[in-house]
Amino acid sequence: MLKALLCLRMYAIHIKIMNNENKTIHEFEFNLICEYFSNMERQGPGSPEVTLQALSFIDNLTDQSLIADIGCGTGGQTMVLAQHTLGQITGLDLFSGFINIFNHNARRLGLQNRVKGIVGSMDNLPFLNEELDLIWSEGAIYHIGFERGLNEWRKYLKTGGYIAISESAWFTEERPAEIHNFWMDIYPEIDTIPNKIAQIQKAGYIPVATFILPATCWTEHYHIPQIAVQEAFLNKYSGNKTVEEFIAFQRHEAALYRKYKEYYGYVFFIAKKVEL
Ligand code: SAH
């Protein structure tokens with residue numbers, strides 16, 4: 001049996017196997033993880049308040065604006081954005097199950113004329129060069145990596161357009177080995193806030209604002225809603241080792257956060273594209 005060390009909240013593309021081989025996630029596991037997260041409003045740490053706080057730094061939007069939300073999941077944050085902006089929003093996610101829920105939510109809220117979910121991959125975006133006024137991405141850019149995403153997505157933005165991204169970061173220069181090693185294993189691109197800001201600038205953006213997401217974005221909005229889903233899952237898939245391992249990993253991740261939250265968290269980075 002695979003010892004699946006499932007990357008953080010990751011119905012991910014890779015699971016790390018004990019022998020350190022990277023294997024594409026099995027379809028059954030993929031569907032399971034999708035089902036697990038479909039039961040929740042969000043698929044990563046965040047909150048409506050934080051989405052609006054990030055939006056408050058963005059001053060170029062009109063009813064003609066084109067906005068993309070990359071790795072939108074079921075669209076928790078996209079619907080908040082849509083209710084506070086006037087332009088067209090395209091939500092893009094790799095998982096069709098999430099996009100179905102996304103489009104259902106857009107219709108339920110009467111936003112279907114301005115908000116569309118599409119299936120696609122963040123490493124091959126379907127946008128035109130210099131088409132977008134704003135690129136949004138909460139808790140998702142790690143799938144292709146922060147620097148790669150900043151560099152590759154830049155061409156789709158108009159000059160003067162904005163990018164708003166939440167991403168994991170270290171709060172201190174040093175940290176206990178247990179949490180350091182955990183992150184090095186799942187996302188070695190985690191870095192300190194000043195280093196992330198330097199990467200933004202190097203990629204051709206002016207860093208406009210940076211703020212740390214409050215701990216409630218992890219607890220109240222992400223970990224606590226999972227508790228009931230975990231119980232239901234363990235009942236429904238009783239005896240299934242993959243499910244047990246996946247849930248054990250989610251619980252481990254939540255326990256590590258409680259223990260080490262002064263050393264790391266999610267940070268919102270807002271930046272503006274400039275001519276190089
Ligand atoms: N933004 C949402 C979801 C974050 S979870 C929220 O904050 O709640 C990360 C999302 O990235 C998942 O929905 C996952 O399906 C998506 N994802 C993973 N790899 C992707 C890829 N290559 N292209 C597009 N989306 C991807």
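Only aspartates and glutamates eight or more places from Lys261 in sequence, or on another chain, were considered; those with a Cα closer than 12 Å are Glu253.
Extending 7 Å from Cα along the Cβ direction at Glu152 and again at Thr62 yields two label points whose distance is 3.2 nm. Angle of helix 193-202 to the longest C-alpha principal axis of the chain, folded into 0 to 90 degrees and rounded to 10: 50°.
Across all directions, the average projected area of the convex hull around the alpha carbons of the stretch 66-206 is 9.0 nm².
Based on the Stokes-Einstein relation at 10 °C and a viscosity of 1.306 mPa s, and on the Kirkwood radius from alpha carbon pairs, the stretch 170-209 is assigned a translational diffusion coefficient of 140 µm²/s.
Taking every DSSP helix (H) stretch of at least 4 residues in the chain, weighting each as -39,500 (n - 2.57) and dividing the sum by the residue count yields a mean residue ellipticity at 222 nm of -11500 deg cm²/dmol. Past the 19 Å Cα-Cα mark, which pairs from Lys155/Lys273; Lys236/Lys259; Lys196/Lys259; Lys116/Lys196; Lys158/Lys273? From Lys155/Lys273; Lys236/Lys259; Lys196/Lys259; Lys116/Lys196; Lys158/Lys273, over 19 Å: Lys236/Lys259; Lys196/Lys259; Lys116/Lys196. Taken over the C-alpha atoms, the chain has Rg and Dmax values of 18.2, 56 angstrom.
Take the Cα of Ile206, step 7 Å toward its Cβ, do the same at Leu86, and the gap between the two points is 2.4 nm.
Cα centroid separation, the stretch 57-130 to the stretch 151-172: 16 Å. The magnitude of the dipole of the chain, with charges of +1 and -1 set on the Cβ of Lys/Arg and Asp/Glu and taken from the Cα centre, is near 260 debye.
Calculated translational diffusion coefficient of the stretch 123-276 (25 °C, 0.890 mPa s; Stokes-Einstein with Kirkwood radius over alpha-carbon pairs) equals 143 µm²/s. Using the beta-carbon distance between Lys236 and Thr172 and R0 = 45 Å, what value does 1/(1 + (r/R0)^6) give for FRET efficiency, to the nearest 0.05? Approximately 0.65, to the nearest 0.05.
Simple rule: put +1 on each Lys or Arg Cβ and -1 on each Asp or Glu Cβ in the chain, find the dipole, and look at Tyr222, Tyr187, Gly161; the Cα lying farthest toward the positive end is Tyr222. Taking every DSSP bridge with both residues inside the chain, close to 50 percent are antiparallel.
Largest mean-square fluctuation among Gln201, Gln64, Gln43, in a Gaussian network model of the chain whose springs join Cα atoms under 10 Å apart, belongs to Gln64.
Relative to the longest principal axis of the Cα atoms of the chain, the long axis of helix 27-38 makes an angle of roughly 60 degrees. Determine one quarter of the surface area of the Cα convex hull of the stretch 202-246, which equals its mean projected area, and express it in nm² to one decimal. Approximately 5.6 nm², given one-decimal rounding. Its residue count N fixes a reference of 2.2 N^0.38 Å for the stretch 97-167, and the Cα radius of gyration divided by that reference is 1.19.
Computed on the chain, with alpha-carbon pairs under 8 angstrom and 6+ residues apart, the relative contact order is 21 percent.
Computed on protein heavy atoms with a 1.4 Å probe, the accessible areas place Lys158, Lys273 in the order Lys158, Lys273, largest first.
Counting only alpha carbon atoms, the long axis of helix 177-186 and the longest principal axis of the chain meet at about 70°. Could you pull out which residues in the stretch 142-175 have an amide N less than 16 Å from a spot 7 Å beyond the Cα of Leu128, following the Cα-Cβ vector? Only 155-159 pass the distance filter. Hey, with R₀ at 35 Å, roughly what FRET efficiency would Glu244 and Ala215 work out to, going by the Cβ-Cβ distance, to 0.05? After rounding to 0.05, the efficiency reads 0.80.
Database remark: amide H of Gly91 closer than 5 angstrom to the amide H of Asp69, Lys116, Gly117, Ile118 (H placed geometrically; neighbours at sequence offset of 5 or more, or on other chains; Pro and chain starts carry no H).
The values are calculated or read from the model by the stated rules, or taken from the named source; none is laboratory data. It should be emphasised that the depicted structure is a prediction, and the values quoted were computed from it without experimental measurement. We place every Cβ from the backbone using ideal geometry, glycine too, and count neighbours over all the protein chains shown. To get the accessible areas, we keep the full protein, side chains included, count just its heavy atoms, and leave off ligands, DNA and RNA. Shrake-Rupley method; radii C 1.70, N 1.55, O 1.52, S 1.80 Å.
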